[in-house]
Structures are given as C-alpha cells and as structure tokens.
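All remarks here apply to the structure that follows.
Nothing in this text is a laboratory measurement; each read-out follows from the coordinates by a stated rule. Note that the structure is predicted; figures quoted are calculated from it, not measured. Glycine also receives a Cβ, built like all others from the backbone with ideal geometry; neighbour counts cover every protein chain displayed.
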Amino acid sequence: MLKRNIIANYLGQGWTALMGLAFIPLYIKYLGIEAYGLIGIFAVLTAWFSLLDMGMTPTLSREMAYFTGGHHSAQSIRDLLRTIEFIAFGVAALIAGSVAFGANWIARSWLQAETLPVEVVTQAFALMGLVTALRFIETIYRSSIIGLQRQVLFNVVNSSLATIRGLGAIAVFAWISPTIQAFFIWQGFLSLLTLSTLATITYASLPSSGHRAHFSRSALQGVWRFAGGMTGITFLTLLLTQMDKILLSKLLSLSEYGFYTLAAVVAGALYMLISPITQAFYPRLCELYAQDDRDALIKTYHLGAQMVSVIAGSAAIVIIVFPETLLRLWAQDHLLAARSAPLLSLLMLGNLLNGLMWIPYQTQLAHGWTGLTIKINIVAVLFIVPAILWATPRYGAEGAAWVWVFLNAGYVLVGIHLMYQKILTGEKFRWYLRDLLFPLGASLVTAYMLKIIWHLSENTLTEFLLLLVAATITIGASLLTAVDVRRLLTSTLNPYFIKYTNAYGD
C-alpha cells in the first residue's frame, strides 16, 4: 500500500502542481503583475487562517490512521469527524465575515496598489474571505481521506478538480471577464464543488456504525492535548514562513510584491515533491508506532528521509543552479526571469532545508510528541522576526530570503539533535550521512559540473532539452548513492522486468 500511495501521490500532486504553475504566466498576462500580487496575498491569507483549525486537521488525520490500525470503533471515528465538522463550519463563517469587514481598511491603508482601484482591491478581498472559508472546511475531508490511506482515489479527484480550476479560470478570463473579481468568484464555485466531493468520499470510506454520528465532547477530550500542541506548532510555523510575506506586502509596491510572489510560488512547488512522500509515510509511521514495531518504523523512517533527498533534493539543486533558465523557459519573459532568479535560488535553498525536516517531524507526530517542535519554533521566532525586521528594510526581498535560508539551516544543523536524544536514538549519523549527505552531495557536484560545461542558447527547445538532461543526470547521480531508495526501486521494477523477459523469451 505504501508504494501505491507514493506513486498515486506523485502522479496526482505532480499533475496538480503542473496545473497550478502552468497557468501563472497566463494569469499575469490577463490580470497584470499587480493583480497577481493579490493572488499571492490570498495564499498568505489562506495560510494564516489555517491556524484557526486549532490542530484539528492533523489530529483528524492521525486518528483516521489509528482507526485503520484498530484503535477506534466506527462510531467513535464518525463522532470525532462530526464534532470537528461543527467547529470547522463555525470557524469558516468567522473567517468570511472578518475578511469582508476588514477588506476596505486593507485596501486603503496596508497595500500599495498603483494601478488597481481601491474598490477593486476591496471587492477582491471580500471574495478572498469566502474562498478561504470554503478551503478551510476542505482540509477536514482532505486530512481524513489521507489518514484513511485512500490516497489513490484522493489524487484522482484532486488532480481532476485542479485541471478544471485552472482551465476554467482561463476560460473565464477569455470569454467572460479578465478581472481579479471574476478569478475569485470562479475559485469560490470550484471550492464548493471540491467540498461536496471530498465530504462524500470521506463518509463513503468509513464503515457504517448503525447509528447517526453526533457532536461529542468526549471525542474532543481524547485528542485535545495533541490538537493543542498542533495549534502551537501551526502558529509558530506561520510566523516563521509567512512573516516575510506580510512585511513585504507592506514595504514593497504591489508590483514588486508580485515578482517576489512569483519566485515564492515556483520555490513552493518543491513541496509538491515532498508532500506525496510525507502523505504516504505519515499514516504508515502512525500505524507502526501503534503496533510498537520499532524495527519497521526505523526502516520506514530512513526510506522516507532518503527519498526526500533523492527526489526533492535533486530537483531543488537543479533549480538553485539554473534559476534564470527555468524561469525564462516557463514565463517566456526575460525581464521577469532576471528579476526573480536570485530570489528563486535563495527561497528554493531555504525550502529544501525545510523539506529535509518533514520526515523527522512526521515521525515526532506519529509518536504524539509535539513539544519539541514547539520549543524549537519559539526560539526560531525570537530569531526570525527581528532578523526580518532588520534585513527587509535594508536589503528588500533578498534580505528576507536569506533569513529563511539561515533559519532552516539551523533546524538541520542544530534542532534535529534534540529529537535523536529521545526517539530513534542511534540513528542520527545514518540520517546525516546516508539519508542527506550522500544523495545531496552527489546532486550538488553533478549539477555544478554541468553548469561549468553549460553553453547558453537562444533556442527555447535547446535550453529545455539541456535542462531536462541536467535534471536527469543529477537525479541519477543522487540515486546511485541512495541505497534504500535504490533497493525499493529495484524491488518495484524487477517483477515487470522478469515479466517482460519471460514474454520476450517465449
């Protein structure tokens, strides 16, 4: 099931990421870079309001995974889901109302719009609030389906809806109205469709209990400690990951903020390579912890960590080394590529370092241990907030990006040691050497060697092919040093190779 879920997550989330990235140049073409900056602010808004779920979604995902391991009855898991639904719908109403109430002040007093009328920005923010509220509720069902390990079905549905979302937005621009208001109205309609679809799948995936699900305080009492810990982690994580975007939305013009948003979106695509791995591994880690199978848990942990380094690490390093080439091929705009490339390299490096911590973090959650991440993030906030306040006015967007790099380097080089003192003791040096240093070192050396012999070309097809070859060689070099991933790949492909050989021999 783990292999199947990983493959499904990569196919589904890869397609979803492709849909999200492919249409951005068209969004900028129809809306302009300033209006696209509003879409970037919408992403920040969505991230901040996720704090209001009070740890419900990761808790629900964990409990659904525990349910598959036999730690819940059908009635108790349905009651927990219904209880969280009640809370989520109330919070969603609060989100929509509060954003609509503050929309005019944000448009007039916070943002520095140069060409967009204040009325347009106000309307856009009111619509943002509605879409954010709907997406907030969506996460309840997304986390449930993932926790139940129905990830093949989830990815089929999610990728289909992502395609409709992107193509539909372009159709709206081309044939109805090329405005930011029309964009958010379409997003709201798709969120309603997504919400109803995911809710149906969630309940269809749970066995019948013979009784109706109902709101249950006792269901919350069983998980409130973990949920409370997740709330603290979420709040601190938001401070760490979104503070630069909040400050820059005030300090930069909306058009300059658009360039930063563009680089951040491309760098954020790295998480689309990491998330399929962690989504597949987290329920499995929870299941193994519930079964007290330490040997299998350690094996699974190292496989997941090494897989992140090979797949996401190789992709990140290629982009760090060739940022302007990638942006130029994607956006077909030399000025945009030149202005965003330095930011992309820095943000991608920071995201890679951050991504290396995802499997260790998921393992802590599988153990029900949220305290370490909270303590580390408190220290990190005490560092990052003053650092951003100092660096951003002096060095602009690049200063904020460098702070992000240093922060995540601290996690990898310092914070992780505390985890290995309590869980997975004795596994630290294997993680550093076999899971990180060998595959990442091979990728880095290979990419820079290719950079040295790289010959720039004005031909788009030639540049694309060269970049594709560079990526292939880089991930191949990384794979050669990754023993666990190579073993998994061999065991997966061998049956097909044998089948083909037998058929050919016959």
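Within a Cβ distance under 15 Å of Asn158, other residues only, what is the Lys/Arg minus Asp/Glu net charge? Numbers along the way, then the final one.
Working: positive: Arg135, Arg142, Arg150, Arg165; negative: Glu138.
Charge balance near Asn158 sits at +3.
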Summed residue charge, Cβ within 10 Å of Ala482's Cβ, Lys/Arg positive, Asp/Glu negative
+1
Are any of the pairs Lys299/Lys375; Lys375/Lys422; Lys245/Lys428; Lys375/Lys428 more than 24 Å apart by Cα-Cα distance, and if so, which?
Lys299/Lys375; Lys245/Lys428
Cα shape, segment 76-163, gyration tensor, a/c 1.5 rule
oblate
Sites Phe406 and Leu437 - FRET efficiency at Förster radius 30 Å, r taken between beta-carbons, to 0.05:
0.90
Extended-chain gain in nm, criterion 0.36 nm per residue less alpha-carbon gap, Ala171 and Ile452
96.9 nm
Report the calculated FRET efficiency for Ser491 and Ser208 (r = Cβ-Cβ distance, R0 = 35 Å), to the nearest 0.05.
0.40
HN-Hα couplings for segment 130-144 via Karplus (6.51, -1.76, 1.60; θ = phi - 60°), in whole Hz with x for Gly/Pro, come out as 5, 5, 4, 4, 5, 5, 4, 5, 3, 4, 4, 7, 4, 5, 5
Multiply the residue separation of Ile378 and Thr197 by 0.36 nm, subtract the distance between their alpha-carbon atoms, and state the gained length in nm to one decimal.
61.4 nm
For Lys451, which aspartates and glutamates qualify as cross-link partners when the Cα separation must be under 18 Å and same-chain residues fewer than eight apart are set aside?
Glu324, Glu463
If a paramagnetic tag sat 7 Å from the Cα of Val483 along the Cα-Cβ line, which residues of segment 277-311 would have the backbone N under 18 Å from that point?
295-310
According to a simple spin-label model (label point 7 Å from Cα along Cα-to-Cβ), what is the distance in nm between Ser109 and Gln421?
4.5
Please give every one of the aspartates and glutamates within straight-line cross-link reach of Lys29, meaning a C-alpha to C-alpha distance under 17 Å, and leave out same-chain neighbours fewer than 8 residues apart.
Glu256, Asp333
